[in-house]
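The values are calculated or read from the model by the stated rules, or taken from the named source; none is laboratory data. All of these numbers come straight from a predicted model, not from anything done at the bench. All Cβ positions, glycine included, derive from the backbone under ideal geometry; neighbour counts span all protein chains shown.
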Amino acid sequence: MQFHGIIAQFPKEIKLLIAAFIVTLSIGFYSGIRFVNDTSNSTPQGIEERYLGNENDENATVMKFKKSRGEVMTMVHNHILSLSVIFFLLGGLLAITGINKKLKSFLMIEPFVSILCTFGGIYFMWTGLVWMKYVVMISGVFMTITFILSTFFILKGLLSKR
């Protein structure tokens, strides 16, 4: 697979700027994934309890309460806006790599579908469509895989010789 592209032709200082951005962004993204794991155990049941509470579970070791409308709307709003900007920037950088056009197109568009499915799914789960917890989990996995692949291809492009 060819990794060259416009990104490989950038001056060294621009490549360093992009690499620093990708590394810093990755630290933030993966710390968010860690937070999700810590608060939901990355399971459908954990996702459900995170937003709908577990007050009816007498065996629960940690009591969780259903999030308020304001909490859910703020979280959905903040995540959709911030992740859209993150994936727009990643998509722009990915666009100037030399990877296969079909793969590139998929990696550029898929995160936006996952953002809507993940955070729309959280909202709909909160309103009572409990089965959406599976959509949330699957779309979250897709979003993470897309992030990993995108950052890999961008960094690989930065390391390619002109």
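Quick check on the range 47-94: of everything there that is acidic (Asp, Glu) and outside any helix (DSSP H, G or I), which residue is farthest from GLY157 (Cα to Cα)?
So, considering only residues that are acidic (Asp, Glu) and outside any helix (DSSP H, G or I), the one farthest from GLY157 (Cα to Cα) is GLU58.
Does SER114 fit the bill of being at pLDDT below 95, in contact with a Gly (Cβ under 8 Å, 6 or more places away or on another chain) and among the hydroxyl-bearing types (Ser, Thr, Tyr)?
Details: at pLDDT below 95: no; in contact with a Gly (Cβ under 8 Å, 6 or more places away or on another chain): yes; among the hydroxyl-bearing types (Ser, Thr, Tyr): yes.
Considered against the rule, which asks whether it is at pLDDT below 95, in contact with a Gly (Cβ under 8 Å, 6 or more places away or on another chain) and among the hydroxyl-bearing types (Ser, Thr, Tyr), SER114 comes out as no.
Could you tell me whether ILE115 is under 28 Å from GLY5 (Cα atoms), free of Cβ contacts under 8 Å to residues at least 40 places away in the same chain, surrounded by 15 or more Cβ atoms within 10 Å (Cβ to Cβ) and of a type in the set (A, V, I, L, M)?
It is true that ILE115 is under 28 Å from GLY5 (Cα atoms), free of Cβ contacts under 8 Å to residues at least 40 places away in the same chain, surrounded by 15 or more Cβ atoms within 10 Å (Cβ to Cβ) and of a type in the set (A, V, I, L, M).
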Within the range 25-59, track down each residue that is hydrophobic (A, V, I, L, M, F, W, C) and touching a helix residue (DSSP H, G or I) at 6+ places or on another chain (Cβ under 8 Å).
-> LEU25, PHE29, ILE33, VAL36, ILE47, LEU52
Report whether or not GLY32 is free of Cβ contacts under 8 Å to residues at least 60 places away in the same chain, over 24 Å from LEU149 (Cβ atoms), of a type outside the set (Val, Ile, Thr) and part of a helix (DSSP H, G or I).
-> no
Cβ pairs under 8 Å, 6+ apart, first in the range 39-58 and surrounded by 13 or more Cβ atoms within 10 Å (Cβ to Cβ), second of a type in the set (Phe, Trp, Tyr) and at pLDDT 85 or above = PRO44/TYR134; TYR51/TRP126; LEU52/TRP126; GLY53/PHE65
Consider only pairs whose beta carbons are under 6 Å apart and that are at least six residues apart or on different chains; among these, list those whose first residue lies in the range 1-28 and is part of a helix (DSSP H, G or I) and whose second residue is modelled with pLDDT under 95 and among the small types (Gly, Ala, Ser).
-> ILE7/GLY157; ALA8/GLY157; ALA8/SER160
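Answer yes or no as to whether SER84 is without any contact (Cβ under 8 Å) to a residue 40 or more places away in the chain, under 30 Å from GLY5 (Cα atoms) and touching a Phe, Trp or Tyr at 6+ places or on another chain (Cβ under 9 Å). Break it down into steps so the answer makes sense when it comes.
Values: without any contact (Cβ under 8 Å) to a residue 40 or more places away in the chain: yes; under 30 Å from GLY5 (Cα atoms): yes; touching a Phe, Trp or Tyr at 6+ places or on another chain (Cβ under 9 Å): yes.
Spelling it out, SER84 is indeed without any contact (Cβ under 8 Å) to a residue 40 or more places away in the chain, under 30 Å from GLY5 (Cα atoms) and touching a Phe, Trp or Tyr at 6+ places or on another chain (Cβ under 9 Å).
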Residue check, ILE138 surrounded by fewer than 17 Cβ atoms within 10 Å (Cβ to Cβ), of a type outside the set (Ser, Thr, Tyr) and part of a helix (DSSP H, G or I) = yes
What residue, of ILE86, ILE148, ILE154, is touching a Leu at 6+ places or on another chain (Cβ under 8 Å), of a type in the set (Val, Ile, Thr) and closer than 21 Å to PHE35 by Cα?
-> ILE86
When residues of the range 120-133 are limited to those that are surrounded by fewer than 21 Cβ atoms within 10 Å (Cβ to Cβ) and within 17 Å of the chain's Cα centre (by Cα), the one nearest to GLY157 (Cα to Cα) = GLY120
